[in-house]
Ligand code: ASP
């Protein structure tokens, strides 16, 4: 049976938040300390905003992750095949208030546009240039354009691809995911979940992944739990692991077992290196699971100290404290 790595249960209480910085091939990536700082700041921003309401707190958590510049969302988004930023984001609450934006280029924080869709529009998903025009009309902050890090990575990947021959593009693209962001929040018994991403590096312009789609990149159910996914969006749209995991919670399966079972099922359907997820139940118990090499997560709760760690496939986890002492190092 293919390997599933699980962390949890974390007994966080209410309010509580768990965030991730993307499942993928993190081994060999330098600057893991920066990444842990980024996920920690996302969790902190969410917890600090719970007084402003459920959706607002979730948006602040994800906006902090988008602003970090070291994760594949918002400012740090990876680039399409033709070298542009095109982002997806979405969110929902347990009252089935949901919104997503796909293939947008204008907003610095696509999650703020998704929240507008959830609150104000009679639609769930809007995409492309019209969504960008809406962001501009709303006065949302403009995206600064590709980050230096994203441009360097794009040039390197394009050169690698050129050396390997053009026909390898389709195969290569599905290895180039990771460091997307997601969050699940519990506040006063209410649940909400979100995802935001630059997508998959070198993706076809106009490609839309799982992250803006409720029931794919994220899902919540009142009185049960919430989930956010990361990995190869095409498999997540087809397999709907978040819906499956929340359904298991509804049947009384403990959070860490539900997370494990959802990733195991996904691995059976689509193979390894396809999925990571974070799951939070209505009692404030959380777990993370993945079938990839690594996934950074952070959590905070009324009943627990803030925590940030890189979940590694081998089961070896480096704790918060260690990476603080040695930022910039690769704990793998
Ligand atoms: N799920 C994202 C997408 O396919 C990528 C990721 O999670 O890293 O767009």
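For every residue, the table says whether it meets (1) under 20 Å from residue 41 (Cα atoms); (2) in contact with a strand residue (DSSP E or B) (Cβ under 8 Å, 6 or more places away or on another chain); (3) modelled with pLDDT of 95 or more.
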residue	(1), (2), (3)
257	no, no, yes
262	no, yes, yes
267	no, yes, yes
278	yes, yes, yes
283	no, no, yes
290	no, yes, yes
299	yes, yes, yes
309	yes, yes, yes
315	no, yes, no
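Does region 150-173 contain at least one residue that is within 11 Å of the ligand (Cβ to nearest atom) and either surrounded by 24 or more Cβ atoms within 10 Å (Cβ to Cβ) or outside any loop (DSSP other than H, G, I, E, B) (or both)?
Within region 150-173 (the criterion being within 11 Å of the ligand (Cβ to nearest atom) and either surrounded by 24 or more Cβ atoms within 10 Å (Cβ to Cβ) or outside any loop (DSSP other than H, G, I, E, B) (or both)), the answer is yes, since at least one residue qualifies.
Under the condition of being part of a loop (DSSP other than H, G, I, E, B) and out of contact with any helix residue (DSSP H, G or I) (no Cβ under 9 Å at 6 or more places or on another chain), which residue from region 23-67 is farthest from residue 309 (Cα to Cα)?
53
In region 110-132, which residue that is without any contact (Cβ under 8 Å) to a residue 60 or more places away in the chain and outside any helix (DSSP H, G or I) is surrounded by the most Cβ atoms within 10 Å (Cβ to Cβ)?
Once the filter is applied, the top-ranked residue is 126.
In this structure, does residue 226 turn out to be near the ligand (Cβ under 9 Å from one of its atoms) and crowded, with 24+ Cβ neighbours inside 10 Å?
No: the conditions fail for residue 226.
Filter region 181-217 down to residues that are in contact with a helix residue (DSSP H, G or I) (Cβ under 7 Å, 6 or more places away or on another chain) and more than 16 Å from the ligand (Cβ to nearest atom) and give me whichever is farthest from residue 17 (Cα to Cα).
The extreme case among them is 190.
Would you check if residue 178 is buried (at least 17 other Cβ atoms within 10 Å of the Cβ), within 16 Å of the ligand (Cβ to nearest atom) and either modelled with pLDDT of 95 or more or not in a loop (DSSP other than H, G, I, E, B) (or both)?
no
From the list 19, 6, 75, which residue is surrounded by fewer than 24 Cβ atoms within 10 Å (Cβ to Cβ), touching a helix residue (DSSP H, G or I) at 6+ places or on another chain (Cβ under 7 Å), at pLDDT 95 or above and assigned to a strand (DSSP E or B)?
Exactly one of 19, 6, 75 is surrounded by fewer than 24 Cβ atoms within 10 Å (Cβ to Cβ), touching a helix residue (DSSP H, G or I) at 6+ places or on another chain (Cβ under 7 Å), at pLDDT 95 or above and assigned to a strand (DSSP E or B), namely 6.
Does any residue in region 179-195 that is touching a residue at least 12 places away in the same chain (Cβ under 8 Å) and within 12 Å of residue 13 (Cα to Cα) come within less than 6 Å, Cβ to Cβ, of a residue that is away from the ligand (no atom under 13 Å from the Cβ) and in a strand (DSSP E or B) six or more places away or on a different chain, and which pairs are these?
185/17; 185/192; 186/16; 186/280
In contact with a strand residue (DSSP E or B) (Cβ under 8 Å, 6 or more places away or on another chain), surrounded by 12 or more Cβ atoms within 10 Å (Cβ to Cβ) and within 30 Å of residue 96 (Cβ to Cβ), is that true of residue 135?
Criteria met by residue 135.
Please go through region 234-270 and give me each residue that is within 16 Å of the ligand (Cβ to nearest atom) and over 17 Å from residue 218 (Cα atoms), ordered by number.
Those that are within 16 Å of the ligand (Cβ to nearest atom) and over 17 Å from residue 218 (Cα atoms): 267, 269, 270.
The values are calculated or read from the model by the stated rules, or taken from the named source; none is laboratory data. A quick note: this is a predicted structure, and the numbers were derived from the prediction, not measured. Counting neighbours? That spans all protein chains shown, and the Cβs are built from the backbone with ideal geometry, glycine included.
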